[in-house]
1. Roughly how far apart, in whole Å, are the Cα centres of segment A:12-73 and segment A:89-110?
2. Assign unit charges at the C-beta atoms only (+1 for Lys and Arg, -1 for Asp and Glu), then state the dipole size of segment A:4-109 relative to its Cα centre in Debye, rounded to the nearest 20.
3. Find out how many positive minus negative residues lie around A:S28, taking Lys and Arg as positive, Asp and Glu as negative, among other residues whose Cβ is under 14 Å from that of A:S28.
4. Applying 1/(1 + (r/R0)^6) with R0 = 25 Å to the Cβ-Cβ distance of B:I96 and B:S58, what FRET efficiency is obtained, to the nearest 0.05?
5. Multiplying the sequence separation of B:Q80 and B:S9 by 0.36 nm and subtracting their Cα-Cα distance, what value in nm do you get?
6. What's the extension gain from A:S10 to A:N57 if we count 0.36 nm per residue and subtract their Cα-Cα distance?
7. With only Lys, Arg, Asp and Glu charged, each at its Cβ (+1 for the first two, -1 for the last two), find how big the charge dipole of chain B is about the Cα centre; round to the nearest 20 debye.
8. Once you measure Cβ to Cβ distances between cysteines in the protein assembly as shown, which Cys have no partner under 4.7 Å?
Amino acid sequence: DQQVKQNSPSLSVQEGRISILNCDYTNSMFDYFLWYKKYPAEGPTFLISISSIKDKNEDGRFTVFLNKSAKHLSLHIVPSQPGDSAVYFCAASSFNKFYFGSGTKLNVKP
Amino acid sequence: GAGVSQSPSNKVTEKGKDVELRCDPISGHTALYWYRQRLGQGLEFLIYFQGNSAPDKSGLPSDRFSAERTGESVSTLTIQRTQQEDSAVYLCASSIYRVSGELFFGEGSRLTVL
């Protein structure tokens, strides 16, 4: 039973526009949420995170939103750049155990 | 090096053989994780080590899989009698044990079972 779900396997966006990646979770005990970015043949790299006590965290072009009532989080990238093209994984943690979604492949077209 | 190091980066083996994958975590990181990513799929949790506590083995898919960690250093993941469905990228990650700690991943070991 997958506790973290990313229902969109892929997303294509024009350079300069906003990319919105979505993630849903089922476990209300998760205390921390993270986004990772993965390029081919590399390990995932940490991008941005949010504590369960917050609803927004911003870092440059990247903003993560958390809606606890809906058990939903999203990653906004504005403006999108071709170098952002990668697979994005959503993750949630509880007691230092991390659960990952299946990933969304983002393609930013020049 | 400063990052998580995994070896081998690529391993091709025949069905039925045993394989051993190695992970060197970041120095000072007490937590170590193994994940598996099959082609086109997400990250599947395998096992979690935290300091000297008993490991969380709840993600190991069968008794052919085992892992060890010596203290807070190197970990090895062993797959016995490999099967074709074991083909995947095996990712190791380490972290500082705290609520807001993020995982730092290695580049993975790609296993191909023929």
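1. The two parts, judged by their Cα centres, are 7 Å apart.
2. Numbers: 12 positive and 8 negative charges, 34 e Å.
In debye, rounded to 20, segment A:4-109 gives about 160.
3. In short, 0.
4. Plugging the Cβ-Cβ distance into 1/(1 + (r/R0)^6) gives 0.70.
5. Values: separation 71, 0.36 × 71 = 25.56 nm, distance 1.86 nm.
Here the answer is 23.7 nm.
6. Contour length minus Cα-Cα distance gives 14.6 nm.
7. On the way: 12 positive and 13 negative charges, 34 e Å.
Result for chain B is approximately 160 debye, rounded to the nearest 20.
8. Cys with no partner Cβ under 4.7 Å: none.
Only the coordinates and a few stated rules stand behind these numbers; no lab work does. In this text the structure is predicted, and so the values were computed from the model without any measurement. Note that we place each Cβ from the backbone using ideal geometry, even for glycine, and neighbour counts take in every protein chain shown.
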